Structures are given as structure tokens and as C-alpha cells.
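Step one of this worksheet: look at the structure below.
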Amino acid sequence: MSEIDLVLRSTRVVTPRGTRAATVTVRDGKIAELLPHDAPAPAGARVEDFGGDVLLPGLVDTHVHVNDPGRTAWEGFWTATRAAAAGGITTLVDMPLNSLPPTTTEANLHTKREVARSKAHIDVGFWGGAVPGNVKDLRPLHDAGVFGFKCFLSPSGVDEFPQLDQAQLAAALGEIAGFGGLLVVHAEDPVHLEAAPQPHGPKYADFLASRPRVSENDAIAGLIALARRLRARVHILHLSSSDALPLIADARAEGVRITVETCPHFLTLTAEEIPDGATEFKCCPPIREAANQDALWQGLADGTIDCVVSDHSPSTADLKTPDFGDAWGGISSLQLGLPAVWTAARERGHTLDDVARWMATAPAALVGLHHKGAVEPGRDADFAVLAPDATFTVDPAGLQHRNKITAYAGRTLHGVVRSTWLRGRRINDGGTLSEPAGELLERP
């Protein structure tokens, strides 16, 4: 066995059993031991003492649209993974759409992996896509290592990734259940979307009315029924409507294999504060009212909501026109998720233990990355070092995203990421980023 090569100390180390002063030893990129804070360092080991800054597990973001290849004017693996590293994220899982080609066949997955391989500053995995006509491709994608499959129940916004109708959904989910896979779902019912007033012009209220809560609620109810019948495993993406929380809780209590995520923007931004014409706030499903946000926080507190991930969905500035009917729907927050969530969480009495569970441990568990997401022996030595009481004001020019568009511009947030570590290597040192050190991950 090789020797300990790195020792990290902090008076606040967030572990699965609580926050405590500790020394973390690292051997060959893995956490070896958690020792008392004053434990002597082994001879020859490099020592880093973070004082009172908090040592968190590196975050795991399972909902990122990198758009590479094909729409690299929107983002790309180089810029997305740099933004992630700057924000304390050490692993992301890339969504199958908005790239050209989409990740709907094994060949397309190979294409995406080859593009990502030399550009990844953090570890990167991939979702496959379930679209009309590709049931035959799902098992090969699964065998090739994707972490699961994403589908839409309503239009995705890009022609090359169509939604599934109910018969197609049942066929795809039946196939996926047959090999023990996971289906992750953009759950909005197209019937309700078509019946709602169509969005046009600059008023956010008109856009919000075009994506009613019932579209989420009914889509989720239908998905629960199908998962129950097929004994399948499903995951609800970017939950916005708090009305669906009792449905999800009841389904889980009766044994339906369902998990759910929400996103920083739903927890930190409200419909009441969005100015007309400010389409940097547009996303689907939409940011809803403050009372809805309160209920989402309660869903996190009681465990109904499993995790918090970014749904980073960038575009070029010209696609963010002032018309909510025409503008691209997506919020860029990859670099800002940790401070945004921490700022709101601390105001509501939550701790960094909670944030680490929501943003690192639970997303890692969702995709089976049990060697990620927590500070404990045997896991990868992936860390984010956070100054939790330090504040900063978001300047879009300072973001690593390719396009400097963000709904958080001008906001003052708590929590400055001092450094980020990937398998014992510092990849972000106060905003100075290393060369790419990420690996391409496959489903365990």
C-alpha cells in the first residue's frame, strides 16, 4: 500500500455524521482516514490547513446541458467544466439534448465522449435519451455506460429530441425497467400546455400562466401510475410545482420507485420579483410564486425532494430576446448554485450538512456513484473548500460560462469557493483553474 500523500485540515469538515474539526488523509486520490484535527501528519505528506473554511464534499450535478458538440456557441465541455470547478462541482452528468447529435444511440454517445475527453476539468458522465423510435437503442446505451435515460412529455425546444406520447413512454419505460435502468423525466403534460394561454410579449405573468402547475401535477401523476404498473424506477426532473409533493410522498410510501429533484432557481428566485422583459429568468417549468417556493423548501426539509441540481441550460445572448414567448428557456447557474442555495438555506435555518446532502451525497446516490459525494474513507478525494460567511456580488463578467448571462447578476450571495479538489488534486485555487484533469465516467 502506498503512503499518505496529502493531508487536509479544517475546523469544519462536513461528513455524513456531521460537521467536526478533522484531519483528512488522502492516498492515491482516495480518502484514507478521518482523524482528529490535531493528528500528526505522516512524514513526507503535503499538508493544507484551511483554518475555519469549511471542507465539503465536491458537489455532484446530475443535470447539466453542455451542448457539445454542435451548439458550442451556447456552451461546451471546456467552459462548462471550468464553471463547475469554479463553483465547487467535481462531477457532472451531461444531458442528452441540445448537442448535435443528441445522445440517443451508442454511436452518438461515442461521438460525445471523444469531444469531451480532452476538455473535461472535472469528471463527466452522460445520460442517454429516450425519443420516438429508439427503444432498440436503449439497451446498447445502457451497456455502454450511460447513467439512465431522459425523456420529455412535452416539446423539448429542439426538433432533434422529440417528446414521447403515452404509448411511446410506456414502451420506453418497459424496456428500461427490463434491464434495471432509470428514466428521468421532464414532466409537463402537453394537453394542459396547449390549453393554456400561449405566451407572448414581455410580461412574466403571461409566461407563468402558460405553464400552469396542473401540467406538472398531472404529468407526475401519470408517471407514478405507469411506474407502479411496470415496477420501474423513475426520477422527476426540475420540480417546480409544490402541488405535486403529496403525490410523490404518497407514491414513495406505497413502494413506487420514484425520486425527485429541484433546482437553485426555484429555491432562490420568485415570480413576484421577475421584471417584465427579463428573459434570463425564463425556464420550463417556470419559477413560481413565493408561497410555492416555501413549500419546495418544506419538501427538502421533510425528505420528499431528494436533491438540488442546476439544470444549467445556457444559450447565446441573442436567443434571450425580451419576448417570453420567443426567448430560449434556460437558466445558467453552474458556477453559482452552491452560494445561491447556501444563501437561502442559511436564512431558513438549514446547515451546510443539509446542503452537502442535497447537492453532493443525494445526486451521487441517484446515479450510483457511491465513490463520490461524501467525505468518508474509500471515496474519491473530491472537495470544495467554502468560506461560508464571506459574501460577493455576482458580476456576469467573472463567470466561466461561455455566455455571461445569469439571473443572479447583481445579487449578493454568501459563500465563496476558495478551492476545489478532484481526487486529491487542486483544480481551482481561488478562481485560478488548472488544466483539464477530469475523467469520463460510466455507470458502475
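Every read-out reported here was derived from the displayed coordinates using simple, explicitly stated rules and does not represent laboratory data. This one's a predicted model, so the numbers in the text were calculated from it and none came from an experiment. No Cβ is skipped: glycine too gets one built from the backbone with ideal geometry, and neighbour counts run over all protein chains shown.
Straight-line cross-link partners of Lys30 among the lysines, defined as a Cα under 19 Å from its Cα and at least 8 positions apart when in the same chain: Lys372. Taking label points 7 Å from Cα along the Cα-to-Cβ direction, Glu289 and Asp302 give a separation of 2.0 nm. Is any residue of the range 326-363 close enough, with backbone N under 16 Å, to a label point placed 7 angstrom from the Cα of Thr391 along the Cα-Cβ axis, and if so, which? Label zone hits: 339-348. At an R0 of 41 angstrom, the distance between the Cβ atoms of Ala205 and Glu347 translates into a FRET efficiency of 0.95.
Size of the dipole of the chain about the Cα centre, Lys and Arg at +1 and Asp and Glu at -1 on the beta carbon, nothing else charged, in debye to 20?
Details: 41 positive and 55 negative charges, 170 e Å.
Using Cβ point charges on Lys, Arg, Asp and Glu, the chain gives about 820 debye.
Take the cross-link list Lys320/Lys404; Lys203/Lys404; Lys112/Lys320 and give me the ones stretching past 19 Å between alpha-carbons. Mind dumping the intermediate values first?
Working: Lys320/Lys404 12 Å; Lys203/Lys404 23 Å; Lys112/Lys320 26 Å.
Those over the limit are Lys203/Lys404; Lys112/Lys320.
Relative contact order for the chain: what percent, with Cα pairs under 8 Å and sequence separation of 6 or more?
Details: 1084 pairs, mean separation 95.6, N = 444.
Worked out over the chain, it gives 22 percent.
Residue exposure proxy: Met359, Met95, ordered by other Cβ atoms within 10 angstrom of their Cβ from fewest to most, comes out as Met95, Met359. For the range 1-107, trypsin sites (Lys or Arg not before Pro) are listed when DSSP marks them as loop and at most 15 other Cβ atoms sit within 10 Å of their Cβ; the list is Arg17. If you line up the long axis of helix 213-230 against the longest principal axis of the chain, both from Cα atoms, how many degrees apart are they, to the nearest 10? On a 0 to 90 degree scale, this one is about 80. For the chain, the average shadow cast by the Cα convex hull is 19.6 nm², which is a quarter of the hull's surface.
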